[in-house]
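The structure appears right after this line, and notes come after that.
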Ligand code: F0G
């Protein structure tokens, strides 16, 4: 087997700025040890997110010029609408400016006090929108999905037994929908199998609860199904994606991931009455139903991106390039969620820094050190992002303490990734020198974006 190469040539480049370790130490301190607050130009390799950071293709840029900016009924909307319907088969497609805007609309209408939602794992904005409406969200990922060191093909699957127990406990009438996040971002970018989607669908049928997909990374999920699930090896990724959506009643999507664009999203659904209510809210918050907070050119780029994302040469390269980084880290003994996910490598901070307790944010400590060591920006997915407090003010940590190295689509080459591996391994090799952190400021909701920290004494 020959090297799997980037399936594109580079036509336009963007320089990156080099800083010294001393400069980075000052910059990080000024940012309250929260890399979200560092200027992007002071970052060498930005692995904060794979969201909105894709490089668009020449065809997408050409589409930008074709954008029809009519307020109502623009040509670009109809291209977008057709591209989304081709993949999802949904009756109504509502454009939104990004994924969380679709979530906000959906959960404002379906949520409220006394309602409960379940997912394999809700992403943080999804959970926040649920909680903001007054409802509660519950995660039921399969047990193996909670153990970073255990390998399994579909660690994003829903625990269907736990789901059914939950439905019986809360009452189906109080559960407006069940969601599957594909791939499961907060659980390591791990895929959900077709069989699991079917099983969840059956439960939803039994209890008459709609099933929604959080479809941000649907193409990566479909590719994993093709590679790992029996019976799908000879199907195209498009066919697999179409089958995945065929089991759902609706979907929210951040086009900033698997539609290869810098902004955009949508809500797609089959229920006419709900669609009407969503559109009415859309008009108040996002815009007219044929643009929904986007410019015509954005819709054009999404339509083209949805064509490109199901290309199997692209997906082979995409999944392999993440796996490549994972393999290098595993070979050096760095603990990560295994197997590597679709869009990111997740360092397992509990095993990386067993000496730092959750109250001192071990994953945040690694995030800070990656920046100092090599100018790499990563994100904490642990007690900073998902920690709660009990009634006495003590931290209730989430099950995992992770550092996500999200790989932007079509942006970095193999040598960038080699460099990332070198930096992570360097930090791992001197892990005994990493300090814990004290949280000194936090916002009441989604605190990780703006939190500030102070370094505790070196151990
Ligand atoms: N659902 C999932 C699974 C996501 O990963 C995201 C965004 C959203 C919904 C919300 O979409 O950002 O367009 O509003 N994830 C980004 C990330 C922010 O870095 O993982 P959005």
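The values are calculated or read from the model by the stated rules, or taken from the named source; none is laboratory data. As the structure is a computational prediction, the values presented were derived from the model and not from experiment. All Cβ positions, glycine included, derive from the backbone under ideal geometry; neighbour counts span all protein chains shown.
With respect to residue 292, determine if the residue is over 21 Å from residue 406 (Cα atoms) and in contact with a strand residue (DSSP E or B) (Cβ under 8 Å, 6 or more places away or on another chain). It is true that residue 292 is over 21 Å from residue 406 (Cα atoms) and in contact with a strand residue (DSSP E or B) (Cβ under 8 Å, 6 or more places away or on another chain). Scan region 241-270 for residues that are under 11 Å from residue 103 (Cα atoms) and more than 15 Å from the ligand (Cβ to nearest atom) and the total you get is 0. Filtered by the rule that a residue be under 17 Å from the mean Cα position of the chain (by Cα) and more than 19 Å from residue 418 (Cβ to Cβ), region 320-337 gives a lone residue, 337. Checked against (1) more than 15 Å from the ligand (Cβ to nearest atom); (2) within 23 Å of the chain's Cα centre (by Cα); (3) modelled with pLDDT under 95, residue 370 passes all but condition (3). Of the listed requirements (1) more than 30 Å from residue 225 (Cβ to Cβ); (2) touching a residue at least 24 places away in the same chain (Cβ under 8 Å); (3) surrounded by fewer than 24 Cβ atoms within 10 Å (Cβ to Cβ); (4) touching a helix residue (DSSP H, G or I) at 6+ places or on another chain (Cβ under 9 Å), residue 414 misses just one: (1).
Each residue in region 1-53 was checked for being over 27 Å from the mean Cα position of the chain (by Cα) and more than 24 Å from residue 434 (Cα to Cα), and 4 pass.
Do the conditions hold for residue 159, that is, is it in contact with a strand residue (DSSP E or B) (Cβ under 8 Å, 6 or more places away or on another chain) and either modelled with pLDDT of 95 or more or exposed (fewer than 15 other Cβ atoms within 10 Å of the Cβ) (or both)?
yes
Residue pairs whose Cβ atoms lie under 7 Å apart, sitting 6 or more positions apart in sequence or on different chains, and linking a residue in region 377-399 that is part of a strand (DSSP E or B) to a partner that is surrounded by fewer than 10 Cβ atoms within 10 Å (Cβ to Cβ), are 395/389; 396/389; 396/390. Here residue 1 clears all of (1) assigned to a loop (DSSP other than H, G, I, E, B); (2) assigned by TED's automatic domain parsing to the domain that holds residue 130; (3) exposed (fewer than 15 other Cβ atoms within 10 Å of the Cβ) except the condition numbered (2).
Being assigned by TED's automatic domain parsing to the domain that holds residue 107, within 15 Å of the ligand (Cβ to nearest atom) and within 25 Å of residue 314 (Cα to Cα) is a property that residue 194 lacks. Among the candidates 263, 283, 330, the residue that is over 15 Å from residue 105 (Cα atoms), without any contact (Cβ under 8 Å) to a residue 60 or more places away in the chain and surrounded by fewer than 24 Cβ atoms within 10 Å (Cβ to Cβ) is uniquely 330.
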